[in-house]
Amino acid sequence: MSNCIGFILYTFGLLGYNSTVRRLGVSPYLAWITSMLVQILILYVFAMTGFLNLGIKIVTYVGIILAIFWFIMSLARKGQLKFEGIHLFDFWMIGLGIATGHVLWNSPLVHYDNFSHWAVMVKFMTFTGHLPGASDKLISFTSYPPATALFITQFVHWVGFSDGAMLVAQFILIWGAAYSIFAGLRDRTRALTSFILCFTLAISFVFNVAIRLNNLLVDYVLPIITIAALVGIFVYRKRPFLLCGHVSLFIATLLLVKNSATFFVVIIGVYFLYTLISNHHWKWRRLLTVPIQFVTTIGIGIIPFAWWNYHVKNTFTISKHQISTQAYAKQLNGESNQTLTKIAHKFIEQIVNWNSLSTKGILLINAVLILTWLFVKIHEKQRNNLLEMAILLDISFVIYYISLFGMYVLSMPYAEAIQLDGFERYMASVVILNLFIAAICLVRVIDRQQFEQNFQKRNTQAFKSALTKNIYQITTLVTAFFAITMMYSEITGTKFTNEMNHNTLPLQMKRVSKPWNHLNHRKVLIVDPEIVDVNDYYAGYVGRYYYFTDKAVGQENFMMTPEQFKQTVENYQYVAIPESHRTFTVLTQKVFHQHVITGLFKVTKNGLIRMH
């Protein structure tokens, strides 16, 4: 019941911000994501000044007050918003969004990176009410910016902390950003172009298969917020103040999502500069207007990230994945030419591998854009920009390849770099971004091929012939079918993944004990028979997250004498056995004369006491 009340409060708060930004001129299709990003930045200020819990309450309550205010104003017929109408894509977004949210609410966290950072960061802020400091050893990746964690923390503050609540929170952010793509449509009443964008959204999750939606990693968040930023620049191109505010907001948030967001910010910056130049009425006395607008907007957007970097450098002496030119130079000097050649050879091999999902995505984007360009140019005898767009996207792919290679060489240990660790995951981000850019350009060109260009005159009779009408209807039905089927496939795929993961370590932990939500420094031994989980620290990270302690350690090897075993166990305050470990069970019988298989136990001088 309290979960429902909390969700209602959160929703009303979000509605309040949505109504406010729309009245300030924000597009209804961009209003949801804009409202979310505004809240993230306000929460960021509160978190950085040490008032996170107060900030969460203030941000939400202000949103509720705004929602009530605009509701009363609407009843008085003042400040009413123009009704945009309900379109087919709205039904698709709402129906499949609710279905996806329901599955995510019942999904567990399993992926390694959830426990090494993303989930543990949210848990830390939720139950401590502040950002981690130098003494908080629970958080390892202290240089990772907190934007998505702040958004998720606000949501779980109201609806209750759980794996599912965190996943739903991130999905709300993703879905809000995804809704912005429909602002790129020329005519939103056309079913075909609407469903092409829905289909693109569904396909994008295919390229996100390495992560899926049931993880808190930000590899999908980065491109979907970037596409919302680019769409906004196009929509606000004739409104300079709104345009500059929009760009600053999105750049500021993207940089606070992850350090590697720089590539996406550069894309936004380039398109923003192009828009300023192409929409500027050139006069000599206004010659400085464009550079001043550009530098000021980008500068304001960078301020929150600069503050974060200052915070990291002044709070932590050493921080994992911190941006440091000295560290990069040291890493590069340590690499031999032979090592660089090996990594480069492996990298090129992966790019030209036809089984690579990212390579398939790049080929798909090029094939659709170039074939459509040829058809429109030769058959319809109309000029279009799809070939230029394909070339631009290919240039961005090449630049991203170079930056990705640089990351492997400069930031990764050789053992991980030579395996191209996470290659498909990193490439998915840019493939997804360019897939959306290509789709929006494509639907605008398709719309220009419609027989009737006056939107008001478009109806069931507004076709060149009965044949073109039939082709349009069949194509629309097929596209709608695949848009629904592909998204449903993502939902069922997530369900299947959840079922397959039923015996993974995090779910085993849930079966043997309740999680701890009070930050502590208790020594907990995680007994795990899977040597891989121990060697890559997965068991330790899961234990740290689950028992909310910085002193959880995983161990698999118990081939030791009874005396050594007793000494090892007594070094800890608690022992968690999520899966039966034969050696541990035998030694416990010998040393403590107890038969233990699974469970959470408190270590005492007289043996192990089961915790309930």
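The values are calculated or read from the model by the stated rules, or taken from the named source; none is laboratory data. This is a predicted model, so every value here is computed, not measured. FYI the Cβ positions are ideal-geometry reconstructions off the backbone, even for glycines, and counts take in every protein chain you see. The area values use the complete protein model at the heavy-atom level, side chains included, leaving out ligands, DNA and RNA. Shrake-Rupley method; radii C 1.70, N 1.55, O 1.52, S 1.80 Å.
Annotations
- Degrees, to the nearest 10: 582-592 long Cα axis against longest axis of the chain: 40 degrees
- Reported label for calculated Cα extents along the principal axes in Å given (1) 125, 67, 58; (2) 169, 113, 49; (3) 88, 67, 55: (3)
- Across region 475-480, coupling constants 3J(HN,Hα) worked out from phi with the 6.51/-1.76/1.60 Karplus curve, θ = phi - 60°, read 4, 5, 4, 5, 5, 4 Hz, and Gly and Pro carry x.
- Cα gyration tensor category, rounded, prolate or oblate, for region 6-101 with a/c compared to 1.5: oblate
- Take every Cα pair under 8 Å whose residues are at least 6 apart in sequence, average their separation, divide by the length of region 92-170, and the relative contact order is 38 percent.
- Filtered trypsin sites (Lys or Arg not before Pro), region 47-106: DSSP coil and at most 10 other beta carbons within 10 Å: ARG77, LYS78, LYS82
- Anisotropy class of region 114-265 from Cα gyration tensor, a/c 1.5 cut: prolate
- The stretch between ALA306 and ARG582 holds 94.1 nm of extra length on full extension. This uses 0.36 nm per residue minus the Cα-Cα distance.
- With the highest mean first, a sort of the peptides 306-312, 247-253 on other beta-carbon atoms found within 10 angstrom per residue produces 247-253, 306-312.
- The GluC sites (Glu not before Pro) of region 499-590 that DSSP puts in a loop, and whose beta carbon has at most 12 other beta carbons within 10 Å, are GLU570.
- Considering only region 515-612, percent of DSSP beta bridges that pair antiparallel, nearest 5: 50 percent
- Estimated from helices alone, the mean residue ellipticity of the chain at 222 nm is -21000 deg cm²/dmol (sum of -39500 (n - 2.57) over DSSP H runs with n ≥ 4, per residue).
- Share antiparallel - DSSP beta bridges, the chain, percent rounded to 5: 50 percent
- Relative to the longest principal axis of the Cα atoms of the chain, the long axis of helix 386-411 makes an angle of roughly 20 degrees.
- Cα shape, region 112-201, gyration tensor, a/c 1.5 rule: prolate
- Modelled label positions at MET500 and HIS521, each set 7 Å beyond Cα in the direction of Cβ, lie 4.2 nm from each other.
- Sulfur and carbon atoms: percent of accessible area, the chain [1.4 Å]: 64 percent
- On the beta carbon distance between ALA134 and GLU570, with R0 = 35 Å, the FRET formula returns roughly 0.70.
- Once the Cα-Cα distance is subtracted from the 0.36 nm per residue extended length, the ASN279 to VAL45 segment shows a gain of 80.8 nm.
- Considering only ILE418, PHE115, GLN80, the residue lying farthest towards the positive end of the dipole of the chain is GLN80, judged by Cα position with unit charges set on Cβ.
- FRET efficiency for LEU392 and MET559, using Cβ-Cβ distance with R0 set to 45 Å, rounded to 0.05: 0.15
- Selection among ILE402, ILE391, ILE370 by position relative to the dipole of region 346-415 gives ILE370 as farthest towards the positive end (Cβ unit charges, Cα centre).
- Order by protection proxy (mean Cβ within 10 Å, highest first), peptides 97-107, 11-21: 11-21, 97-107
- When +1 charges are put on Lys and Arg Cβ atoms and -1 charges on Asp and Glu Cβ atoms, the dipole computed for the chain relative to its Cα centre reaches about 1820 debye.
- ARG186-MET611 pseudo-label distance in nm [points 7 Å out on the Cα-to-Cβ vector]: 6.4 nm
- Taken per residue, the accessible surface of the chain reaches 47 Å², heavy atoms only and a 1.4 Å probe.
- On full extension, the segment bounded by ILE8 and ALA76 gains 22.0 nm, given 0.36 nm per residue less the C-alpha separation.
- Against the chain, whose longest principal axis comes from its Cα atoms, helix 325-334 is set at around 70 degrees.
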